[in-house]
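**Q** Pasting a structure below so you can have a look.
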Amino acid sequence: MKSPVTARLRADGRIEVLTAMTDMGQGCAAVFPQIARAAGGLGEDDVVFAEPDTGDVPDSGPTVASRTTMIVGNLIARTVAELRDSILDPIVGEGLSVSDGWIVGPAGPVEPFRDAARRHFETAGPLEITHRHEPPEWQTFDESTYQGAAYPTYAWGADVVEVEVDPDTLAARPVAATAVCEVGRAIHPTLCKGQIEGGTLQALGWALLEEVKLQDGRYLNDRLATYIIPTIKDSPRIDVHLLERAWKGGPFGAKGVGELPMDGGAPATAQAVENATGIPVEEIPATPEKLLLASSSPVGAALCGRAGWGGGANGKNAASEKTGRPHRAAPTENEVLP
Amino acid sequence: MERLLDVLREGLGLTGTKEGCGEGECGACTVLIDGEPTLSCLVPLFQCEGRRIETVEGIAAGPARDFLERFVATGGVQCGACTPGIVITAWALLQRNPAPSREEAREALAGNLCRCTGICGEPDR
Ligand code: FES
Ligand code: FES
């Protein structure tokens, strides 16, 4: 996706950055200004971000695939740094750089960058720079076969989940979760950890509660009254550990992180439930009904009006490869208890 | 029948109060009515006569300023859809109980859903 980002010099000497990203939780309203200031050596008040109105901003791509900070952030860093250099170049002087909003020479601070930028606008007129995302040459992806490397790198994570299961009801409750994520570099550690906490909680909900039920192509639970997500009372302690190994393709080493915490939390929870109960969990959410059906309990069979796990009419009664225990095939929608 | 939520958002332009579900499940629309956290999506306007309604704009402009700053600094907000409701609920809790236990805080916030973040750590903050 060759998505562009634009930086332009304004008459007041500020740099305006134009991207299409709307902050709906990616954290870009906080992270983008951080990246722009750090990349340009600019001060708190030297950068402004345009409202992401599609009539004004370039199409810097959608919020997908955890790309916002990694891809768009990287374009911002490049674009702002280049705009700063274009403003700095005509200024006569040896070894000038910009730091904390000041132009600095060998003998110390020379003048605020914004003053020089304003003069540049007055003498040379508007200035605008656009960069597009170019995947590295070695990264090739075939759009027709969907094969190849879709991304130049990935963030990595490992999850540990501890559950308690009520032996009478088979209701499972997460007690503690730990997520260790290698994120390249956390630009805003508080927001980064928050995303991982929230994503982990969502993964726990997916593992134990959240089930999209469909009938004849319609949702049976299309509202929050019937589609149950975790509340604060379902949320265990979640410990997040960030590992930072700067990745040279991302802004200041950052990789994408948004979706990562959804990957490991549910499998870890399923394993924990299996470990606690001995019942193979091959489908999530691991609700009490599904666990009862998958167990060898005659109660499950009786309650469900079925011949039990060993006598499934469809013959899907092979032993679980993993546990060696016989079990029923995962129940279908109709088999789930009311 | 107009809901208090619509009058706040559309009539008065106070868009700080959010509509999440519109059916009393999510807590995003929470406001204070005579100091009590209440779901404004379930309140018909006529029930509000003579009562004191406070929204997140009101408490943010007043005594809750510091509380809000701490809320932001500790990462209690991500997309922000649930945030006004959580802020109102937590603020009301602190008014009647300045030092709630972890359990009390969890109990108070149990009706405020959050899909992003914050909700796990909230009682610590
Ligand atoms: S909008 Fe009122 S509870 Fe969800
Ligand atoms: S911050 Fe997004 S729903 Fe709570």
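The values are calculated or read from the model by the stated rules, or taken from the named source; none is laboratory data. A quick note: this is a predicted structure, and the numbers were derived from the prediction, not measured. Here the Cβ positions follow ideal geometry from the backbone for every residue, glycine too, while neighbour counts run over all protein chains shown.
**Q** Is it fair to say B:Thr15 is more than 14 Å from chain A (Cβ to nearest Cβ) and among the hydroxyl-bearing types (Ser, Thr, Tyr)?
**A** Criteria met by B:Thr15.
**Q** Across segment A:209-238, what is the total count of residues that are in a loop (DSSP other than H, G, I, E, B), among the aliphatic types (A, V, I, L, M) and under 29 Å from A:Val175 (Cβ atoms)?
**A** 6
**Q** Can you work out which of the residues in segment A:166-185 that are crowded, with 23+ Cβ neighbours inside 10 Å and within 12 Å of another protein chain (Cβ to nearest Cβ) is farthest from A:Ile35 (Cα to Cα)?
**A** Per the criteria, the residue is A:Pro174.
**Q** Sticking with this structure for a sec: Please state which of the following conditions B:Val72 fails to meet, knowing it meets all the rest: (1) away from chain A (no Cβ under 14 Å); (2) surrounded by fewer than 22 Cβ atoms within 10 Å (Cβ to Cβ); (3) not charged (D, E, K, R).
**A** For B:Val72, the failing item is (1).
**Q** Separate question: Among A:Leu204, A:Leu191, which is the only one that is modelled with pLDDT under 95, over 30 Å from A:Pro298 (Cβ atoms) and within 11 Å of another protein chain (Cβ to nearest Cβ)?
**A** A:Leu191
**Q** A further question on this structure: If only one of B:Leu32, B:Leu4 is over 24 Å from A:Lys193 (Cβ atoms) and either within 13 Å of chain A (Cβ to nearest Cβ) or over 13 Å from the mean Cα position of the chain (by Cα) (or both), which one is it?
**A** On inspection, the qualifying residue turns out to be B:Leu4.
**Q** Is one or more of the residues making up segment A:110-126 touching a Lys or Arg at 6+ places or on another chain (Cβ under 9 Å) and over 18 Å from A:Asp45 (Cβ atoms)?
**A** Yes, segment A:110-126 has at least one match.
**Q** In segment B:41-81, what residues are away from ligand 1 (no atom under 16 Å from the Cβ), modelled with pLDDT of 95 or more and farther than 19 Å from B:Ala28 by Cβ?
**A** B:Phe46, B:Glu49, B:Gly50, B:Arg51, B:Arg52
**Q** Continuing with the same structure: Report yes if some residue within segment A:55-75 is outside any helix (DSSP H, G or I), closer than 22 Å to A:Gln34 by Cβ, among the polar types (S, T, N, Q) and out of contact with any strand residue (DSSP E or B) (no Cβ under 6 Å at 6 or more places or on another chain); otherwise report no.
**A** Scanning segment A:55-75, I find at least one residue that is outside any helix (DSSP H, G or I), closer than 22 Å to A:Gln34 by Cβ, among the polar types (S, T, N, Q) and out of contact with any strand residue (DSSP E or B) (no Cβ under 6 Å at 6 or more places or on another chain), so the answer is yes.
**Q** List the number of the failed condition for A:Leu127; all other conditions in (1) out of contact with any Phe, Trp or Tyr (no Cβ under 8 Å at 6 or more places or on another chain); (2) touching a residue at least 40 places away in the same chain (Cβ under 8 Å); (3) aliphatic (A, V, I, L, M) hold.
**A** So the condition that A:Leu127 fails would be (1).
**Q** Of the residues A:Ala179, A:Ala150, A:Ala158, which single one is among the aliphatic types (A, V, I, L, M) and outside any strand (DSSP E or B)?
**A** A:Ala150
**Q** What tally of residues in segment B:16-39 results from selecting those that are within 16 Å of ligand 2 (Cβ to nearest atom) and in a loop (DSSP other than H, G, I, E, B)?
**A** So the count comes out to 12.
**Q** Could you grab me the full set of residues in segment B:87-109 that are basic (Lys, Arg) and outside any helix (DSSP H, G or I)?
**A** None; the set is empty.
**Q** Go through (1) under 23 Å from B:Thr117 (Cβ atoms); (2) surrounded by 19 or more Cβ atoms within 10 Å (Cβ to Cβ); (3) away from chain B (no Cβ under 14 Å) and name the single condition A:Ala65 misses.
**A** Going through the list (1) under 23 Å from B:Thr117 (Cβ atoms); (2) surrounded by 19 or more Cβ atoms within 10 Å (Cβ to Cβ); (3) away from chain B (no Cβ under 14 Å), A:Ala65 breaks only (2).
**Q** Still on this structure, I have one more. For A:Glu244, only one of the following conditions fails: (1) buried (at least 20 other Cβ atoms within 10 Å of the Cβ); (2) acidic (Asp, Glu); (3) within 24 Å of A:Thr63 (Cα to Cα). What is its number?
**A** Exception for A:Glu244: condition (1).
**Q** So if I check each of B:Val77, B:Val72, which one is over 27 Å from A:Ile228 (Cβ atoms) and within 16 Å of ligand 2 (Cβ to nearest atom)?
**A** Checking each option against the conditions leaves just B:Val72.
**Q** When you go through (1) outside any loop (DSSP other than H, G, I, E, B); (2) away from chain A (no Cβ under 14 Å); (3) more than 29 Å from A:His188 (Cα to Cα); (4) within 16 Å of ligand 1 (Cβ to nearest atom) one by one for B:Pro84, which number turns out not to apply?
**A** (3)
**Q** Find all pairs meeting these conditions: Cβ atoms under 6 angstrom apart; at least six residues apart or on different chains; first residue within segment B:95-114 and more than 16 Å from ligand 1 (Cβ to nearest atom); second residue of a type in the set (Lys, Arg).
**A** Taking only residues 6 or more apart or on different chains, the pairs are B:Arg106/A:Lys233.
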